[in-house]
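Down below is the structure, laid out as structure tokens.
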Amino acid sequence: MDTFLGLDAVMLARMQFGFTVAFHFIFPSVSIGLASYLAVLNAMYLRTRDEAYLRLFKYWLKIFAICFAMGVVSGIVMSYQFGTNWSVFSDKAGPVIGPLMAYEVLTAFFLEAGFLGIMIFGRDKVGPGLHMFACAMVAIGTAISATWILSVNSWMQTPQGYSIAENGQFVPEDWLAVIFNPSFPYRLAHTLTASYLTTAFIVGGVGAYHLLRGRTTNPGVRTMFSMAMWMAALIAPLQIFLGDMHGINTLEHQPAKVMAMEGHFESHPDGAPLILFGLPDQEAKTVRYAIEIPKLSSLILKHDLNAPLDGLDTIPDEDEPPLAVVFWSFRVMVGIGFAMLGVGMWSLLARFRGRLYDARWLHRAALVMAPSGLVAVIAGWITTEVGRQPFVVYGALRTAEAHSPLAASAVGASLIAFVVIYFVIFGAGVAYILKLMAHAPELGERGVREEPGPIRTAGITPQQQMRESGHDMGAEGA
Amino acid sequence: MMDYSFDLTTAWALLLGFVVFVYVVLDGFDLGIGILYPFFRKKEDRDLMMNSVAPVWDGNETWLVLGGGGLFAAFPLAYALILPALYAPIIAMLLALVFRGVAFEFRWRTERWRAVWDAGFIAGSSVATFAQGVALGALLQGITVDEAARSYAGGWFDWLSPFSILTGLALMAGYCLLGATWLVMKTTGDLQARMQRLAWIFGVATIGFIGAVSLWTPFLQDGYYHRWFEGWNILLAVAVGGAVLAVGAAMFWSLRLREHESLPFLLALALFGLSFVGLGICMWPYIVPTEITVWEAAAPRKSQVFMLVGASVLIPIILAYTAYSYWVFRGKIDPESGYH
């Protein structure tokens, strides 16, 4: 058998796709949220002329520019990887998926890219109305992009609207059925909401960091923390509800995936337990040391305590997804979701007591939770994609039959190259973003192209600047 | 034998050719700028060169995604055969584009590591260009295919040959020409004068390479020889060859002008256009030379129609707002203003 470092070509191709798409998805996930946040900030500035909004806009614009660039370059890799490493999938599913991806490029990528230059560099070159339009186009472009790609991915999970030609290709018969396949609306709502929630916690984390450093009177810091906490309080509960709806839809169309998520090796004819934790054993087909709440799984999935739920014992072995991976990634995602809800509720409490900017334990929690959305979305994607295995098009094409005829050493070499280069490049990008975040948004906030270096004071009094940077004026005898 | 029936497949082949052409000329000049960086050591010059394309590079690169996506959607069998065949050059190109793309942002975020990101910008632009040229040459050479299995059947280094290395170098010269003539439009004074000199040098190199590749290509495959040199087709060779020389001469003349500074760039575009015409004459109607025709690789009719409806509306709109964006950032780059 053709292997490289003990792994066969299919496994290596899967690892490469999984690695590159996981890295990639982090960036558009944040870009979608940030682009909308920036559009909102710019709109608030135009409406209220409050300088804090302009400060925040310029502050987050620099971070957005880096994030967007990393999303673009990692995204091109994905569009070519279908062909390089999954050529059989590309040939067979191309007639259905290809046009949807082409529409993604035509309606979303060009829209974002076309107006990005004006958004970042063009404020002084076009009027405020046109600049706002450009910001809006970038935000809308990111959302449209998510829509098309989720339609593609959802079709792979719940395919419909096609027939199979003699040459083995999937032929589209009904485009509306293809695009609006059964899982699409749930996955779209869940993913877009995840994006906004992820960004909210990042913004909130940065705000919390600066509040903890004493910059409690900096208007930019206060505004961003407050906006982020509103998002946490309102959107986290919504996301949990959407997740529940998504799960019920998945039970109907991809039962094996839900069985893996729940850890149900065996069927439960009389109400299935919710297994909170345990160690799944694929060989013995049982979950060891399971901590479970009886009947709760049936209640959540079927809204009936005693409803029967089938287990993987009803699924042929060769059609089973790997349970342990799906089981744990699902729990990570849900755990983070509830932690986000907790922070949101805590922030509401602090806000009603008038202590939003003084509640240091809340700020510490928000800081710890800053990257939590990124972990949750990756965990969620692992759940849904690994849960789709062993199929690449669920029920219709197996992953093992869909890969390119490449030698394992070729895929192995490219995988190593991707891993090394991605860690270096995207590691550096994250480092630069963190460096930008470590500065508080200042009066006279620098533009995208200004050099790092001493902050220009640009005509404000030294006292005000020092107060905003967190110096205790009393102690310094001002 | 040319087939003139205007069916959906032909329409898509022409559209895809157009998309690839637009990509080559748009990303050509910004990749070219990266390859030209080593000729300019001063930070101020490098800043200016990069800023001349900073607002538009992402839109330019998007045509590459449309090219790949369009091939996937309109000719899925060709996409599935060509990409594994050209695995190494394509992976190299994708990774090089990562370095090139992040340099636009990273080099402004650090003093200490700027030289590293500049090196990444240069290496990324150069490797991506070379890889694209190699891929083109490898495609022209022909790809070994198992038609019954609908799968690539060649070896792992088939793409590597003296011819593909030649086309790789040729594309680098061509992109340097595009980059230099673009900067002739966007810069002034001493920097512009140096760009004019470089445009001259790379203009000569590009035309030389076009000649070399054009003379070699007919001998790669019998089919190519027939298209260019047999019977009345020789007139085609004379016409295209003559046009290249005429356009080249006009371009060299235009470099010495004080006004109409956009002429060298436009004439360089015309050179690329003529090269595309030559490429088309070689390849048509094969999309995977010389085994698979466009009709054999085409997606089913329902896919073609679905996409064409949208593309015919959207592409003109895209061209319009892209042109608008270029217009917003028109004129010379002012070294004093920067991007605050």
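Going from the fewest other Cβ atoms within 10 Å to the most, the residues B:SER303, B:SER275, B:SER312, A:SER267 appear in the order B:SER312, A:SER267, B:SER275, B:SER303. At q = 0.11, 0.15 Å⁻¹ the log10 of I(q)/I(0) for chain B amounts to -0.75, -1.36, computed by Debye summation with a single uniform scatterer per C-alpha, solvent ignored. Here B:LYS302 is the anchor, and the aspartates and glutamates within straight C-alpha reach of less than 17 Å, apart from those fewer than 8 places off in the same chain, are A:ASP91, A:GLU166, A:GLU173, A:ASP174, B:ASP7. In the distance distribution for the protein assembly as shown, Cα-Cα pairs more than 48 Å apart total 23 percent.
Here each label is just a point 7 Å from Cα along the line to Cβ, and for B:ARG112 and B:PHE276 those points are 4.6 nm apart.
A straight Cα-to-Cα reach below 18 Å connects A:LYS302 with the lysines A:LYS257, residues fewer than 8 places away in its own chain not being considered. Measuring against 24 Å, Cα to Cα, the residue pairs A:LYS435/B:LYS186; A:LYS58/B:LYS186; A:LYS435/B:LYS332; A:LYS435/B:LYS42; A:LYS58/A:LYS435 contain A:LYS435/B:LYS186; A:LYS58/B:LYS186; A:LYS435/B:LYS332; A:LYS435/B:LYS42 as the ones spanning a longer distance. Measuring r between the beta carbons of A:LEU5 and A:GLU292 and using R0 = 45 Å, the FRET efficiency lands at 0.70. With a Förster radius of 41 Å applied to the C-beta separation of A:LEU434 and B:TYR326, the computed FRET efficiency comes to 0.75. For the residues of B:87-96, the average number of beta carbons from a partner chain within 10 Å of their own beta carbon is 6. Per residue of chain A, the DSSP helices (runs of n ≥ 4 H) give a summed -39500 (n - 2.57) that works out to -22500 deg cm²/dmol at 222 nm.
The angle between the Cα long axis of helix A:372-386 and the main principal axis of chain A comes to about 20°, on a 0 to 90 degree scale. For segment B:194-321, the C-alpha radius of gyration sits at 1.35 times the compact-globule guess of 2.2 N^0.38 Å, with N the residue count. Taking θ as phi - 60° and the Karplus parameters 6.51, -1.76 and 1.60, the scalar couplings of segment A:151-168 work out to 5, 4, 5, 5, 4, 5, 7, 10, x, 7, x, 9, 10, 10, 7, 4, 7, x Hz in sequence order, x denoting glycine and proline. With neighbour counts taken as other beta-carbon atoms within 10 Å, the residues A:TRP381, B:TRP232 rank, fewest first, as B:TRP232, A:TRP381. Label separation (A:VAL424 vs B:LEU215): 4.0 nm, computed from points 7 Å beyond Cα along the C-beta direction.
Here A:LYS302, B:LYS43 are placed in order of increasing Cβ neighbour count within 10 Å, fewest first, which gives B:LYS43, A:LYS302.
Against chain B, whose longest principal axis is taken from its Cα atoms, helix B:76-85 shows a tilt of about 70°. Other protein chain C-beta atoms within 10 Å of residue C-beta, averaged over A:118-126: 4. Using a cut-off of 15 Å between beta-carbons, work out the net charge of the residues near B:MET251 (Lys and Arg +1, Asp and Glu -1, B:MET251 not included). With Lys, Arg at +1 and Asp, Glu at -1, the neighbours total +1. Quick one: plug the Kirkwood hydrodynamic radius of segment A:285-328 (C-alpha pairs) into Stokes-Einstein at 20 °C, 1.002 mPa s, and report D in µm²/s. My calculation gives 175 µm²/s for D. Taking a Cβ cut-off of under 14 Å around A:ASN181, the surrounding Lys, Arg, Asp and Glu residues balance to a net charge of -1, with basic ones at +1 and acidic ones at -1. Between segment A:297-358 and segment A:1-78, the C-alpha centres lie 25 angstrom from each other.
Computed from the C-beta positions of A:LEU279 and A:ALA177, the FRET efficiency with R₀ = 41 Å rounds to 0.50. Could you give the angle, 0 to 90 degrees to the nearest 10, between helix A:51-85's Cα long axis and the longest principal axis of the Cα atoms of chain A? Value to nearest ten degrees: 20. Helix content alone sets the calculated 222 nm mean residue ellipticity of chain B: runs of n ≥ 4 DSSP H residues at -39500 (n - 2.57) each, divided across all residues, give -25000 deg cm²/dmol.
No value in this document is a laboratory result; all are computed from the given coordinates. Keep in mind that this is a model prediction, so the values were computed, not measured. Glycine also receives a Cβ, built like all others from the backbone with ideal geometry; neighbour counts cover every protein chain displayed.
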